[in-house]
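Reviewing the structure listed below.
The values are calculated or read from the model by the stated rules, or taken from the named source; none is laboratory data. Note that the coordinates shown come from a computational prediction; the quantities given were computed from them, not determined experimentally. Positions of Cβ are backbone-derived with ideal geometry, glycine not excepted, and every protein chain shown enters the neighbour counts. Quick note on the areas: whole protein, heavy atoms, side chains included, nothing else; ligands and nucleic acids left out. Shrake-Rupley method; radii C 1.70, N 1.55, O 1.52, S 1.80 Å.
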Amino acid sequence: MAFATAAGESEPLLRGVPSEREVTPSERRSKMFRYAAPLFAAAVALGVLARADPLNVLATSKEGDAWVYNNPAMWLPKWGASIAPTPGIVNTRATFVVRTFCKTDALKLNYADFWVDGEKEAYVVHHDYGSKSFFDSGNGIKMERVVINATTGERGYRVETDAVDFEYGFAMKNLKTGAWLYEIGKGSEAMLYNEPCVQQYGSYFNRVRTIEPDPNDITYVFGTCDARCGDDYLDSANQLRFNTGAIPNAPGELIVGRSNDARLFTLHSAVLGTWIRSSAARDTQFAESDSEARHIIAHVDAYGPDLRWSAGAAYLLMAQIKVTRKANNDIALSVVSTKYHNWGAQCTTSGCSAAVYDLTEMWYKSDTTAWAKSDGSPARQLTAPLFTLGEKGDTRVGFHEIKFPDDAYLTETTLFEPNSWGTDLDVRRISPVSGAIAGRMWWQGKSIRNYHPMADETSPSNENEKTWIWAVLGGGGCGRSGSQMGAVCVTMTKMKVFLASDGSVKVRNMGSKKDIGVTAEYVAANPNLDVIKLKMPIGALYNQAPITVSTATRASSGDVGISGMKYVLAPEMVPSLAGMDVVGLEPESSAASLGQSSSGSLGQSSASGLAYDFPHHFNHEYPGTSGCEATCEGDSVTSDQCASMFYCEWYQDKCWSSVGSAPCPATEAQLDEYLNDNQRDMPLEDPVACTVECEYESETECAADPICTSTGGSCFSKFSEPCPI
């Protein structure tokens, strides 16, 4: 956009009102002042209006020897003032604040490409009285990103300066594209064209400090005459949404909402196949537009492209989703095609997780193979998309991946160094979308399937910290009793994202647990399972989970951990990032109707019939008095103290010895050796039992098992992937 240059300092033109539009009383008063323009221009040229008072008013006529002053309700500007600098203005400091959270419809629609990507900076661009420099961006005064409203979390830009004594305006710079956006400028090209808070010079419309109501304290919403955002302004760009429907193969469509820009649809995850919630990312090679975009979704399972376990672990399975904006602004999804990438050998550790890969790169690899049914249609179904949906003028998130080395899984690490992740120091800008579960307990150390993150509703969520709980269906059965053979275990890891004192962002593994997440009754009624639909909110489920498992700090140590993740980063903090709810994800029914219990005690049968007898080292009178129990256990031991001792575990608000009454091990290696030798009854995610369980059942057993189906006299799993025990 062209920025404003002044036609002449002594030739201000007052606004007229177009005859075809209804004239308001205040505008009628404004129109009358056009007749005073020649007199006013002459007065400015002669300097007769300059006074010590910075709030000079406009002299409109003279009666005898005295000037008559008037301050009409609306003029250009509406309050009326001398436009030339006065002794009260020159070399005085002023505070400038510009708000960008709320945007007018015109600002969104006309400049959508400017806003869609990248972090922004704000500047005061200016033309000082008598200067030949007109609003040059190189001479702009950079503003500081600040919290304007602590209650709502609204951010904007602020600067205090004495470098502006006359005309000015606000300009934004996109740090990703280098583009500039000015609010002032020439004629109807200017956002502030014909607005009551600017002064017209020739064909240019600029703000003028000397005619502000308070020239020392200036606040505006970018591109408007408003001083603040309306209370009813709604930001929903980053509101998580869930749709239960199936995404059909093209040309079929699933309508998921409305927007005027397909680029502002961001897929976080979806179910690829029968029940595995899978990793997703934007297709960055597709030539997207506001009418069409592409996303890619992927995972690794034990079956691969219609193989038997465990050969499938050599394949990354992928699907491409088309996002279309229809004529009525409906946003429609359809599956374009499916592919797989063959690594040539079974994956290992974190290499088995789609979360650690650039999915665009994997999709377009030359050795990636098209994968379809016999009729040419995509090979796997896609259902239940989890996504955000903005509109033109909103800014979308960017995708990032991190992969931890096999000798250093996530314990605590720096995600962003200071000054490397933007000016809004708010950890809610970061949202994990998929992760790599790892550890000896999980699929022989392979990061198969996908760890799905959900916000912990029981922990603080603010600019300094937010807690997420990763969850995946499976985990060796969770000690389920015979009456609950159809129940599904869920494995969980808690992770906190927090702001360090030096301005860096860190993530910390807070421990892992297991529990029955889906009851047998629910499984029987809902063959298409989803980790996003558990028997209770994820935070509550984690807190009451009776089975604590050790943290996998590396590939060779510990039961469950995080070996990588994919996350999105918003360029700036906006209110919709602070929300915890997911639109469209309501409880299917109460826990009672699903035959689920919200709690259960260790060593007792809960209402759901689950007999928990693991881990055995918790089964004694607390606190213990011998061996490592005497070191770890006690009612006064805090969770932080417990966490500082690697041979202790925090469970049900108490610290316990991980080795029972045996002596505390001197090293983590000794702890691992003890656990391997003394906890052989620990339930593992057994790939053999999980994938072929149904195939060994009798016809009667098959009929009674909700995860199996009988066909042609043989028993098979209902799932096209490994069964989720």
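Values for this structure:
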item	result
Output for region 320-332, where each listed residue is among the charged types (D, E, K, R) and open to solvent by 50 Å² or more (accessible area, probe 1.4 Å)	LYS322, ARG325, LYS326
Test: residue in region 155-169 that is within 17 Å of CYS225 (Cα to Cα), touching a helix residue (DSSP H, G or I) at 6+ places or on another chain (Cβ under 9 Å), of a type in the set (D, E, K, R) and surrounded by 17 or more Cβ atoms within 10 Å (Cβ to Cβ)	yes
Subset of region 170-201 (residues that are open to solvent by 40 Å² or more (accessible area, probe 1.4 Å), under 35 Å from the mean Cα position of the chain (by Cα) and under 17 Å from THR224 (Cα atoms))	GLU189
Sole residue being among the hydroxyl-bearing types (Ser, Thr, Tyr) and within 30 Å of ASP105 (Cα to Cα), chosen from THR368, THR395, THR411	THR395
Among (1) part of a strand (DSSP E or B); (2) at pLDDT 90 or above; (3) more than 30 Å from TRP115 (Cα to Cα) - the single one ILE516 does not satisfy	(2)
Condition check for VAL531: in contact with a Lys or Arg (Cβ under 6 Å, 6 or more places away or on another chain) and either at pLDDT 90 or above or among the acidic types (Asp, Glu) (or both)	yes
Matching strands (runs of 3 or more DSSP E) fully within region 83-188 where at least 2 residues are of a type in the set (A, V, I, L, M)	94-99, 120-127, 144-149, 167-174
Answer residue from region 410-443, given it is outside any strand (DSSP E or B) and among the charged types (D, E, K, R) and is modelled with the lowest pLDDT among those	ARG440
Residue list for region 519-553, restricted to those being hydroxyl-bearing (Ser, Thr, Tyr) and assigned to a loop (DSSP other than H, G, I, E, B)	THR519, SER550, THR553
Test for VAL124: is it in contact with a strand residue (DSSP E or B) (Cβ under 8 Å, 6 or more places away or on another chain) and either polar (S, T, N, Q) or at pLDDT 95 or above (or both)	yes
Pairs where the first residue, in region 320-331, is within 29 Å of HIS299 (Cα to Cα) and the second is modelled with pLDDT of 95 or more and part of a loop (DSSP other than H, G, I, E, B), C-beta under 6 Å, 6+ apart	ARG325/SER291; ILE331/SER259
Exclusive hit being under 20 Å from the mean Cα position of the chain (by Cα) and at pLDDT 90 or above, set PRO537, PRO575	PRO537
Per-region count, region 194-253, residues touching a His at 6+ places or on another chain (Cβ under 8 Å) and either closer than 30 Å to ALA319 by Cα or acidic (Asp, Glu) (or both)	1
Residue within region 349-356 that is of a type in the set (A, V, I, L, M, F, W, C), open to solvent by 10 Å² or more (accessible area, probe 1.4 Å) and within 24 Å of PRO405 (Cβ to Cβ) present	yes
Residue match in region 364-385 (condition: more than 22 Å from THR338 (Cβ to Cβ), in contact (Cβ under 8 Å) with a residue 60 or more places away in the chain and either open to solvent by 60 Å² or more (accessible area, probe 1.4 Å) or hydroxyl-bearing (Ser, Thr, Tyr) (or both))	no
Whichever residue in region 523-547 is in contact with an Asp or Glu (Cβ under 9 Å, 6 or more places away or on another chain) and open to solvent by less than 20 Å² (accessible area, probe 1.4 Å) and, among such residues, is nearest to PRO453 (Cα to Cα)	ILE538
Options THR625, THR667, THR631, THR691; residue that is at pLDDT below 80 and β-branched (Val, Ile, Thr)	THR691
Any hit, region 444-458, residues being in a loop (DSSP other than H, G, I, E, B), at pLDDT below 95, open to solvent by less than 60 Å² (accessible area, probe 1.4 Å) and basic (Lys, Arg)	yes
Residue satisfying condition, being among the small types (Gly, Ala, Ser), in contact with a Cys (Cβ under 6 Å, 6 or more places away or on another chain) and over 30 Å from ASP290 (Cβ atoms), within set SER447, SER374	SER447
Which listed residue, of GLY503, GLY439, is of a type in the set (Gly, Ala, Ser) and either at negative phi or surrounded by fewer than 24 Cβ atoms within 10 Å (Cβ to Cβ) (or both)	GLY503
Among (1) open to solvent by less than 60 Å² (accessible area, probe 1.4 Å); (2) at pLDDT 85 or above; (3) closer than 30 Å to TYR522 by Cβ; (4) hydrophobic (A, V, I, L, M, F, W, C) - the single one CYS655 does not satisfy	(3)
Per-region count, region 554-584, residues of a type outside the set (A, V, I, L, M, F, W, C) and either surrounded by fewer than 19 Cβ atoms within 10 Å (Cβ to Cβ) or assigned to a helix (DSSP H, G or I) (or both)	7
